[in-house]
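The values are calculated or read from the model by the stated rules, or taken from the named source; none is laboratory data. Nothing here was measured: the structure is a model prediction, and the numbers come from that model. Don't worry about glycine lacking a Cβ; one is built from the backbone with ideal geometry, like all the others, and counts go over all protein chains shown.
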Amino acid sequence: MKRSLGLVLIAAFPALAQTAPSAPATPAPQPGAPAAQPATKPAKPATYDEKADAKAQIASALAKAKKENRRVLVQWGANWCGWCHKLHGTFTGDAKTKRVLMYEYDLVLVDIGRFDKNMDLAASYGADLRASGVPFLTVLDAEGKAIANQETGALELPASKEEPYPGHDAAKVVAFLEAHKAPYLDASAVLAAGMERAKKENKRVFLHFGAPWCGWCHRLEDWMARPEVAAILDKEFVDVKIDEDRMIGGKDVEKSQRGDVKGGIPWFAFVDPASGEKIATSDGPKGNVGFPAQPDEIEHFMVMLKACKNITAEDAATLKKTLESKPEKPQ
């Protein structure tokens, strides 16, 4: 649905910028009849954080995307915008759209106010919001370069007399997202590069396996990324993550490293890059500890750390404290 005229009206008369579609006018009451009471609609929940620092939001998403070989998807919009709520409803309510977003993108919702916030930021990525309207999508690669800008009128379902505001076509949305996702990396090449770097830096490899759907994998990765944790682990390790779903040959590499030992993910090992020997693995007395959250799992991780030459007893105690401070279940 074309929105240029609507934007002109919004710019001229901000009061018109209400959630679409508009409710039909209430008929005039008949003589003697009680006046009709206006229907009150519950306010839509705020989809956009109106106080957020958009540049900081995007910078944080880019850091994650670079680490995970993903894209950043910026959805420009505002809480007054009915079509923005409709598109976000597709993002959160359609199973295929949710999956491709979870696997391939870090989503950032940027509030544009009444076309008076973050407009220069949008323009810096080539997004002409005044001409195209909102919601509007921008895809960034992990370096922050805009690789696609998309007005979303083309992604809507056809309007009809019965349904003049049908929302967005999930198949079109998925096709757009699939077309701009990052090319998958080869798991064997990722591991080889990590091993080579570890040799040069005289370190070992912290090799861990995960997947986008795995909550405990995200717990492990988030913990490893905490500044106080990363500073300690960096003394000993080069971090190498193999995504068994998003890397070519990821499951084959997992099998070659893990063998026939059964268990879930995350699974991890400390590897000597010179020999390829696994110095320690997350297979504890009760099986794979995954993210070490329970006392016996944390204790096994402490045993693993004893094989590390550059992590002191004080460092190990710090890591243990951070693990013990985490909740027991993934969010």
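What about residue 205, is it farther than 30 Å from residue 137 by Cβ, touching a residue at least 40 places away in the same chain (Cβ under 8 Å), touching a Leu at 6+ places or on another chain (Cβ under 6 Å) and crowded, with 21+ Cβ neighbours inside 10 Å?
In short, no.
Could you pull out every one of the helices (runs of 4 or more DSSP H) wholly within the range 124-237 that has 1 or more residues that are farther than 30 Å from residue 301 by Cα and acidic (Asp, Glu)?
Filter on the range 124-237 gives 170-179.
Have a look at 248, 279 and point out the one that is under 26 Å from residue 69 (Cβ atoms), aliphatic (A, V, I, L, M) and touching a residue at least 40 places away in the same chain (Cβ under 8 Å).
248
With the condition kept exactly as written, say whether any residue in the range 293-300 is hydrophobic (A, V, I, L, M, F, W, C) and either closer than 22 Å to residue 240 by Cβ or touching a Cys at 6+ places or on another chain (Cβ under 6 Å) (or both).
Looking through the range 293-300, none of the residues is hydrophobic (A, V, I, L, M, F, W, C) and either closer than 22 Å to residue 240 by Cβ or touching a Cys at 6+ places or on another chain (Cβ under 6 Å) (or both).
Mind checking which residues of the range 228-246 are closer than 28 Å to residue 310 by Cβ, of a type outside the set (Asp, Glu) and within 20 Å of the chain's Cα centre (by Cα)?
Correct list: 240, 241, 242.
Looking at residue 164, is it assigned by TED's automatic domain parsing to the domain that holds residue 242 and on the phi < 0 side of the Ramachandran plot?
no
Just one of the numbered conditions (1) surrounded by fewer than 17 Cβ atoms within 10 Å (Cβ to Cβ); (2) touching a strand residue (DSSP E or B) at 6+ places or on another chain (Cβ under 8 Å) is not true of residue 114; which one?
Every condition holds for residue 114 apart from (2).
Does residue 243 satisfy the condition of being buried (at least 17 other Cβ atoms within 10 Å of the Cβ) and either modelled with pLDDT under 95 or of a type in the set (Asp, Glu) (or both)?
Considered against the rule, which asks whether it is buried (at least 17 other Cβ atoms within 10 Å of the Cβ) and either modelled with pLDDT under 95 or of a type in the set (Asp, Glu) (or both), residue 243 comes out as yes.
What's the number of the only condition in (1) out of contact with any helix residue (DSSP H, G or I) (no Cβ under 8 Å at 6 or more places or on another chain); (2) surrounded by fewer than 19 Cβ atoms within 10 Å (Cβ to Cβ); (3) farther than 16 Å from residue 70 by Cβ; (4) of a type in the set (Gly, Ala, Ser) that residue 154 fails to meet?
It fails just one condition, (1).
How many residues does the range 189-224 hold that are of a type in the set (Gly, Ala, Ser), under 16 Å from residue 68 (Cα atoms) and in contact with an Asp or Glu (Cβ under 9 Å, 6 or more places away or on another chain)?
3
Please go through (1) part of a loop (DSSP other than H, G, I, E, B); (2) within 21 Å of the chain's Cα centre (by Cα) for residue 117 and return the number of the only condition it doesn't satisfy.
In the conditions (1) part of a loop (DSSP other than H, G, I, E, B); (2) within 21 Å of the chain's Cα centre (by Cα), residue 117 misses (2) alone.
Residues checked against (1) under 27 Å from residue 183 (Cα atoms); (2) modelled with pLDDT under 95; (3) buried (at least 20 other Cβ atoms within 10 Å of the Cβ):
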site	(1), (2), (3)
228	no, no, no
231	no, no, no
248	yes, no, no
262	no, yes, no
275	no, no, no
280	no, no, no
290	no, no, yes
313	no, no, no
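Quick one: would you say residue 269 is among the small types (Gly, Ala, Ser), closer than 14 Å to residue 209 by Cα and buried (at least 18 other Cβ atoms within 10 Å of the Cβ)?
Considered against the rule, which asks whether it is among the small types (Gly, Ala, Ser), closer than 14 Å to residue 209 by Cα and buried (at least 18 other Cβ atoms within 10 Å of the Cβ), residue 269 comes out as yes.
Residue check: is residue 164 of a type outside the set (A, V, I, L, M, F, W, C), within 18 Å of the chain's Cα centre (by Cα) and surrounded by fewer than 19 Cβ atoms within 10 Å (Cβ to Cβ)?
Answer is no for this residue.
For the range 266-284, what are the residues that are over 11 Å from residue 207 (Cβ atoms), touching a helix residue (DSSP H, G or I) at 6+ places or on another chain (Cβ under 6 Å) and assigned to a loop (DSSP other than H, G, I, E, B)?
None; the set is empty.
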